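Note sheet for the following structure.
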Amino acid sequence: MSKHKPTGDCFEAAIRTMLELLPELTPILVHGEATGRGKIEGTQHAHAWVEVGALVLDYSNGKDLTIPKELYYGLGKVKNTVRYSPEEARAMMVEKGTFGPWDDYLLKEVE
């Protein structure tokens with residue numbers, strides 16, 4: 001499988017989604033490696049989404065996707081995930097000056 005730099009807005013969209021859900025829900029920001037579908041079929045790339053319980057919310061690139069976490073992980077062949085609470089995500093945005101990715105492994109994916 002080939003590697004692919006993320007070209008969309010997933011990191012920013014995931015942060016915005018997480019913040020919009022507060023304080024009513026307890027969203028978790030997730031960064032991970034997914035395998036592309038559609039135009040980027042079969043390519044691995046760093047990606048970001050939000051989890052609330054057993055659901056994944058992915059509003060990147062104009063999507064309006066809310067599906068069970070198990071299905072999302074299976075379809076995207078998701079691996080190497082890092083989870084951030086809202087407090088941790090805010091701290092990382094300030095420290096790193098970006099929406100993500102912040103994990104060393106995923107940073108190598110986008111260099």
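Values for this structure:
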| item | result |
| --- | --- |
| Sulfur and carbon atoms: percent of accessible area, the stretch 7-50 [1.4 Å] | 53 percent |
| Average Cα contact separation per residue, the chain, under 8 Å, 6 or more apart, as relative contact order % | 32 percent |
| Cα-based Kirkwood hydrodynamic radius, the chain, one decimal, Å | 13.9 Å |
| Theoretical ellipticity at 222 nm over the chain - DSSP helices of four or more residues, -39500 (n - 2.57) apiece, nearest 500 | -10000 deg cm²/dmol |
| Spatially proximal aspartates and glutamates relative to LYS79 (Cα-Cα < 17 Å; intrachain offsets below 8 disregarded) | GLU33, GLU41, GLU51, ASP58, GLU70, ASP103, ASP104, GLU109 |
| Relative contact order, percent, the stretch 37-93 [alpha-carbon distance under 8 Å, six or more residues apart] | 19 percent |
| Solvent accessible area, Å² - LEU55, 1.4 Å probe, full protein context | 80 Å² |
| Heavy-atom accessible area per residue - the chain, 1.4 Å, Å² | 56 Å² |
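The values are calculated or read from the model by the stated rules, or taken from the named source; none is laboratory data. Only a predicted model underlies this, so the values are computations on that prediction, with no experimental measurement involved. We work out accessible area using only protein heavy atoms, side chains counted, and drop any ligands, DNA or RNA first. Shrake-Rupley method; radii C 1.70, N 1.55, O 1.52, S 1.80 Å.
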